[in-house]
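The values are calculated or read from the model by the stated rules, or taken from the named source; none is laboratory data. This is a predicted model, so every value here is computed, not measured. Neighbour counts run over all protein chains shown; Cβ positions are idealised from the backbone, glycine included. These accessible areas exclude ligands, DNA and RNA; they are computed on the full protein's heavy atoms, side chains included. Shrake-Rupley method; radii C 1.70, N 1.55, O 1.52, S 1.80 Å.
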Amino acid sequence: SKYYMPDTQTEVYARHPVHDWVEVATFGMYSPSALAEYGIGVPVMNLGLGVERLAMIAYGGNDVRQLCYPQFFPRPLSDREIARAVHLREEPVSAEGKKLAAAIAMVAAAKGTALGPCSFEAWEGSLGDASMKVIVEETESNAKLCGPACANEIFVHEGSVLGVPDAEKWQQVRAEGVPTGISYLSAVSAQAAARVEEAARCGKGTSVQVKMAKLPSDINLKIDEYAMRFITDNKKKVDVRGPVFLSVRSVIRE
């Protein structure tokens, strides 16, 4: 290459079981004239590794494009692999924040059918330097504290990600599908705790409300891109709809 000093460029090859010798690296000394363009007056060696070629050889691949452009060479994903690609978008980071998330979920599950206006203290303690109280509440009259979808759980069945209740209609999905270990309630409780925790760092209270879920992000879910691509390429679906209606409020104690 023109940016190397003459006769210093060296190419490195490795043997591939099918393609025989494959170039995997090149190195050499940069030309002083090239370095001068950047005001560099000391010798510089460049080493460029073909990491994807090394990986192809190490893992027995025959086409480097399968490593670099997997979207054009999709491989089937099992329901278990897709389930491992479903995560929470927001989670509390502190030990107290995690206890808060569990407390919110416990109170919401126990008092979910209570009619508003109602409020229940879920947790009281310190987050960082802030002393606070956290409340699960419903301010509207004759509305339940939690929507029915709070009890839904996330399963992967035949390539689709589904939020389903424990009901007869969905027994096949629950029996044959792979559980993610995430319920709507655990997901939104983690989100509420994370936002309360963040507000506490600023010495503030906050309110978090989750209403009707239509998208994974509405219930604090994310699906890794490779799994989402597989789902859409194979005309499968992500269906996590449902009425959640959970409201959480934090108050700084004086």
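General observations
- For Val24, residues with placed amide H under 5 Å, excluding near neighbours: Val12, Tyr13, Ala14
- About its Cα centre, the dipole of the chain is roughly 500 debye, where the only charges are +1 on Lys and Arg Cβ and -1 on Asp and Glu Cβ.
- Rg to Rh quotient for the chain, alpha carbon positions, Kirkwood Rh: 1.21
- Cα-derived Rg over Rh, computed across the stretch 23-90 with Rh taken as Kirkwood radius: 1.26
- At full extension, Ala109 and Trp21 could sit 25.4 nm farther apart than now, given 0.36 nm per residue minus the alpha carbon distance.
- Over the chain, dividing the summed -39,500 (n - 2.57) contributions of all DSSP H runs of at least 4 residues by the number of residues returns a 222 nm mean residue ellipticity of -8000 deg cm²/dmol.
- Ordering of 94-105, 224-235 by packing [mean C-beta count within 10 Å, highest first]: 94-105, 224-235
- For the chain, taking a cut-off of 4.7 Å between Cβ atoms, the unpaired cysteines are Cys68, Cys118, Cys202.
- Couplings for the stretch 84-100, taken from phi via the Karplus curve 6.51 cos²θ - 1.76 cosθ + 1.60 with θ = phi - 60°, read 6, 8, 9, 9, 7, 6, 10, 9, x, 9, 8, 4, 5, x, 5, 5, 4 Hz in order; Gly and Pro are left as x.
- In Hz, Karplus ³J(HN,Hα) per residue of the stretch 61-67 (6.51, -1.76, 1.60; θ = phi - 60°; x = Gly, Pro): x, 10, 9, 4, 5, 5, 7
- Using the Cβ-Cβ distance between Glu11 and Arg229 with R0 set to 41 Å, the FRET efficiency from 1/(1 + (r/R0)^6) comes to roughly 0.70.
- Simple spin-label estimate for Asp239 and Leu67 in nanometres, 7 Å along Cα-Cβ: 4.1 nm
- Principal-axis tilt of helix 184-201 within the chain, Cα atoms, nearest 10 degrees: 80 degrees
- Residue by residue, the stretch 157-171 carries 3J(HN,Hα) couplings of 9, 6, x, 10, 9, 10, x, 10, x, 8, 9, 4, 4, 10, 5 Hz when phi is fed to the Karplus relation 6.51 cos²θ - 1.76 cosθ + 1.60 (θ = phi - 60°); x denotes Gly or Pro.
- Computed over protein heavy atoms with a 1.4 Å probe, the carbon and sulfur contribution to the accessible area of the chain reaches 53%.
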